[in-house]
Amino acid sequence: MTSKQKLPLLEFLRQMTLIRRFEEKAAEMYALGKIAGFCHLYIGEEAVAVGSIAAANPDDYIVTAYRDHGHALARGLEPKRVMAELFGKATGVSKGMGGSMHLFDASRNFMGGYAIVGGHIPLATGIGFAMKYQKKDQVALCFFGEGSVPSGNFHEALNLASLWRLPVVYICENNRFGMGTPVERSSAIYDIAHAARAHDMPFHHVDGMDVIDVYTQMKEIIDGVRSSKRPIFVEARTYRYMGHSMSDPAHGHYRTKAEIDEQKKRDPISTLQKRLLEAKEITPEEVAKMEREIQDIVLESVEFADKSPEPPLSALTEYVYSP
Amino acid sequence: MAHIAYREALGQAMSEEMRRDDKVFLMGEEVGFYQGAFKVSRGMLEEFGPMRVIDTPITEAGFTGAGIGAAMVGLRPIIEMMTFNFSILAMDQIINNAAKIRSMSGGQFKVPIVVRGPGGSAARLAAQHSQSLESLYCHIAGLKVIAPSVPKDAKGLLKSAIRDDNPVICFEAQALYGTMGDVPEGDYTIPIGAADVKREGRDVTLIAWSKMLLLCLRAAEQLAQQGIEAEVVDPRTLRPLDMETILNSVRKTHRAVIVEEAWPYGGVSAEISDRITHEALDILDAPIERVTGEDVPIPYAKNLEQAALPSTEKIIHAVKKAMYLE
Ligand SMILES: Cc1ncc(C[n+]2csc(CCOP(=O)(O)OP(=O)(O)O)c2C)c(N)n1
Ligand SMILES: [Mg+2]
């Protein structure tokens with residue numbers, strides 16, 4: 001308990017709440033047609049990105065899939081520029097070229113959100129390779145859903161990393177479903193972390209609904225990878241509250257509303273908030289103040305995105321090739 | 001005639017063929033319990049059960065390859081790609097195995113498989129989810145490629161594809177799934193390799209397939225108001241191409257504009273243009289025009305996506321160019 005008191009729990013609470021409120025607003029903006037295309041919300045899973053990214057150094061690399069708003073905000077990408085990207089504006093983090101699924105920020109070693117399931121996992125392996133090649137001590141954090149674990153990309157990438165001893169942490173966000181398919185109907189192994197065994201890679205489980213568990217374990221894991229230069233696999237058990245994307249139903253053929261309600265009892269944000277209130281580490285007034293500040297950031301983000309210009313037509317061809 | 005949606009026409013084709021032949025089965029992501037990502041297979045799991053309507057993990061290379069293996073020993077799989085962007089992961093199986101096995105084995109094995117799903121852009125799905133990949137598959141000897149534009153063709157062509165003893169790639173489109181059209185009652189097929197004149201006209205031939213065909217019909221209507229009568233030819237099958245129907249039209253109009261959503265470099269429209277020029281240079285009154293997507297990954301921003309894709313304005317402009325009106 002004494003060691004936990006030193007954790008920046010208020011900051012974790014703030015970051016998770018920011019992600020939650022940011023995405024609730026994004027959902028509204030999607031309904032208004034301000035955001036289009038595919039938009040996958042991270043609501044319910046915030047503890048995984050917040051705990052993991054806080055445990056990394058600011059210059060460690062992050063690669064993730066299309067459900068990427070949470071990781072971007074946890075890494076410190078400016079909320080208004082993330083919102084502007086969702087709006088497809090020139091001021092967006094990817095200049096309006098990528099949208100929700102393709103957030104990038106080179107200045108923060110945020111290496112992108114990718115929309116082909118499993119396709120980004122080898123990229124993290126390659127970043128790890130480049131660190132080893134250049135004798136740097138940065139680590140690559142790679143986030144992906146459990147839906148990509150059966151894929152060839154996943155297994156090829158993990159074998160290489162293990163074979164070549166690369167500094168990569170592979171973080172499986174097991175939210176139990178890939179679209180409408182529960183994990184037990186897509187994977188022959190139910191304990192997903194055992195997939196790492198095939199590649200002689202050490203693995204850990206973290207409670208993806210508990211930011212303290214994510215952070216404390218990830219801190220040790222990332223530090224360990226940095227010094228040992230060997231990859232590690234982490235399975236974070238978590239849960240998605242919303243539909244797979246804004247175009248899909250939250251429940252229906254594949255799960256019931258009752259199941260979602262049951263999972264919400266372990267909500268990472270309210271659990272931490274309750275704990276901090278009970279320990280008198282935060283007062284209800286401070287919680288309210290935090291909410292107001294976050295509300296302001298979110299509203300400013302929308303205003304900024306709305307007022308920002310569309311990209312110029314020249315952007316159509318500008319980024320296809322490096323000069 | 002029944003008036004049904006494009007998605008329903010495809011679903012009927014699959015269900016009717018599965019009732020007719022118990023070797024036919026459907027496999028892909030979310031095709032069963034979820035009723036299909038775009039609801040094309042709605043009701044099929046209930047009718048045929050989980051041995052014949054199979055939900056797969058997200059492993060396109062694996063399940064496509066498994067389909068090819070099953071086809072080599074007598075089954076007739078239909079593989080659904082949630083979208084054709086993901087078929088890129090299965091291209092090794094399709095190109096190196098499905099398209100080659102008959103040749104490499106000296107004709108000992110056939111691969112009666114259908115790989116189908118939506119291709120092309122939808123609404124702002126960005127670079128990795130908006131690609132039109134027909135030309136990549138059309139490049140490959142050993143494959144047949146179909147791209148129906150209306151419900152009637154979708155049903156008739158898909159049935160032919162399922163009965164065909166070769167690998168057939170079927171390009172559908174998200175924007176077409178909800179479009180309605182008349183479909184004949186009962187069993188019918190439309191032969192692979194037969195084009196269709198979707199609108200008659202004397203002044204210029206517009207050639208397009210899938211979603212672009214509808215765009216051409218719209219452009220043709222606007223052109224008609226300006227006194228220009230465009231004939232609209234739908235190849236329906238991209239490999240093999242029915243050049244006879246295309247050439248007959250061009251012989252009548254002496255001008256051709258080919259429209260495709262994909263990129264210009266090495267596109268199917270370039271192939272069609274080359275064949276018209278080669279077979280009938282003397283009958284052309286103007287160079288053939290191509291309207292294609294811009295030569296860029298599709299951007300997310302609304303204005304840029306619009307600029308990157310063909311439009312009725314671009315088609316009308318190309319027609320006027322071919323008629324020396326601009
Ligand atoms: C190769 C590939 N196949 C199919 C899809 C369509 N698709 C997008 S997300 C998804 C489910 C992925 O589930 P999971 O990996 O568990 O991630 P989650 O969405 O749960 O975060 C599918 C099938 C895709 N994007 N890429
Ligand atoms: Mg998942």
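All of the numbers you see were taken from the coordinates with simple rules; none came from a lab. Model, not experiment: these values are computed from the prediction. Glycine gets a Cβ as well: all are built from the backbone with ideal geometry, and neighbour counts include every protein chain shown.
Applying the criterion of being assigned to a helix (DSSP H, G or I) and of a type in the set (S, T, N, Q) to the residues of segment B:112-141, the residue that is nearest to A:S247 (Cα to Cα) is B:Q128.
In segment A:188-202, the condition of being aromatic (F, W, Y), in contact (Cβ under 8 Å) with a residue 12 or more places away in the chain and closer than 23 Å to B:T59 by Cα is met by no residue.
All told, B:I78 falls short of being crowded, with 20+ Cβ neighbours inside 10 Å and assigned to a loop (DSSP other than H, G, I, E, B). State which residue is nearest to B:G69 (Cα to Cα) when the search covers only segment B:121-137 and only residues that are crowded, with 24+ Cβ neighbours inside 10 Å and away from ligand 1 (no atom under 16 Å from the Cβ). Step by step, filter segment B:121-137, then rank; the result is B:Y137. Suppose we keep only residues that are closer than 21 Å to A:I297 by Cβ and surrounded by fewer than 24 Cβ atoms within 10 Å (Cβ to Cβ) within segment A:46-74. Which one would you say is nearest to the chain's Cα centre (by Cα)? Per the stated criteria, the residue is A:A54. Does segment A:177-191 contain any residue that is among the aromatic types (F, W, Y) and either surrounded by 20 or more Cβ atoms within 10 Å (Cβ to Cβ) or within 22 Å of A:D68 (Cβ to Cβ) (or both)? Yes, segment A:177-191 contains at least one residue that is among the aromatic types (F, W, Y) and either surrounded by 20 or more Cβ atoms within 10 Å (Cβ to Cβ) or within 22 Å of A:D68 (Cβ to Cβ) (or both). Scanning segment B:197-236 for residues that are surrounded by fewer than 19 Cβ atoms within 10 Å (Cβ to Cβ), part of a strand (DSSP E or B) and touching a Ser or Thr at 6+ places or on another chain (Cβ under 9 Å) yields one hit, B:V197. Of all the listed residues (B:V53, B:V111, B:V73), the sole one being in contact with a Pro (Cβ under 9 Å, 6 or more places away or on another chain) and away from ligand 1 (no atom under 15 Å from the Cβ) is B:V111. What do you reckon, is A:V214 more than 14 Å from chain B (Cβ to nearest Cβ), away from ligand 2 (no atom under 16 Å from the Cβ), within 30 Å of A:L7 (Cα to Cα) and crowded, with 23+ Cβ neighbours inside 10 Å? Answer is yes for this residue. Given the condition within 14 Å of chain B (Cβ to nearest Cβ), out of contact with any strand residue (DSSP E or B) (no Cβ under 6 Å at 6 or more places or on another chain) and within 12 Å of ligand 1 (Cβ to nearest atom), answer yes or no: does some residue in segment A:40-47 qualify? Looking through segment A:40-47, at least one residue is within 14 Å of chain B (Cβ to nearest Cβ), out of contact with any strand residue (DSSP E or B) (no Cβ under 6 Å at 6 or more places or on another chain) and within 12 Å of ligand 1 (Cβ to nearest atom). Only one of the numbered conditions (1) more than 10 Å from chain B (Cβ to nearest Cβ); (2) buried (at least 19 other Cβ atoms within 10 Å of the Cβ); (3) within 16 Å of ligand 2 (Cβ to nearest atom) is violated by A:M111, and that is (3). Sort out which residues of segment A:114-125 are within 14 Å of ligand 1 (Cβ to nearest atom), of a type in the set (A, V, I, L, M) and crowded, with 21+ Cβ neighbours inside 10 Å, and write them in order of number. Residues satisfying the conditions are A:A115, A:V117, A:I121.
Looking across A:A288, A:A198, A:A258, A:A250, one residue alone is surrounded by fewer than 18 Cβ atoms within 10 Å (Cβ to Cβ) and within 16 Å of ligand 2 (Cβ to nearest atom). It is A:A250. Condition (residue is within 14 Å of chain B (Cβ to nearest Cβ), in a strand (DSSP E or B) and in contact with a helix residue (DSSP H, G or I) (Cβ under 9 Å, 6 or more places away or on another chain)) applied to segment A:178-195: is it met by at least one residue? Yes. Inspection of segment B:209-228 identifies no residue that is in contact with a Cys (Cβ under 6 Å, 6 or more places away or on another chain) and among the hydrophobic types (A, V, I, L, M, F, W, C). Cβ-Cβ distances below 8 Å connect the following pairs, each with a first residue in segment B:121-137 that is at the interface with another protein chain (Cβ under 9 Å from one of its Cβ atoms), a second residue that is aromatic (F, W, Y) and away from ligand 2 (no atom under 16 Å from the Cβ), and a separation of six or more residues or different chains: B:R124/B:Y300; B:A126/B:Y300; B:A127/B:Y300.
When residues in segment A:138-176 are screened for being surrounded by fewer than 20 Cβ atoms within 10 Å (Cβ to Cβ), within 14 Å of chain B (Cβ to nearest Cβ) and touching a His at 6+ places or on another chain (Cβ under 8 Å), 1 of them pass.
In segment B:81-94, the qualifying residues are those that are surrounded by fewer than 19 Cβ atoms within 10 Å (Cβ to Cβ) and away from ligand 1 (no atom under 11 Å from the Cβ), and the one that is nearest to the other protein chains (Cβ to nearest Cβ) is B:D92.
Is there a residue in segment A:132-145 that is of a type outside the set (F, W, Y), within 16 Å of ligand 2 (Cβ to nearest atom) and more than 30 Å from A:K307 (Cα to Cα)? There is at least one residue in segment A:132-145 that is of a type outside the set (F, W, Y), within 16 Å of ligand 2 (Cβ to nearest atom) and more than 30 Å from A:K307 (Cα to Cα).
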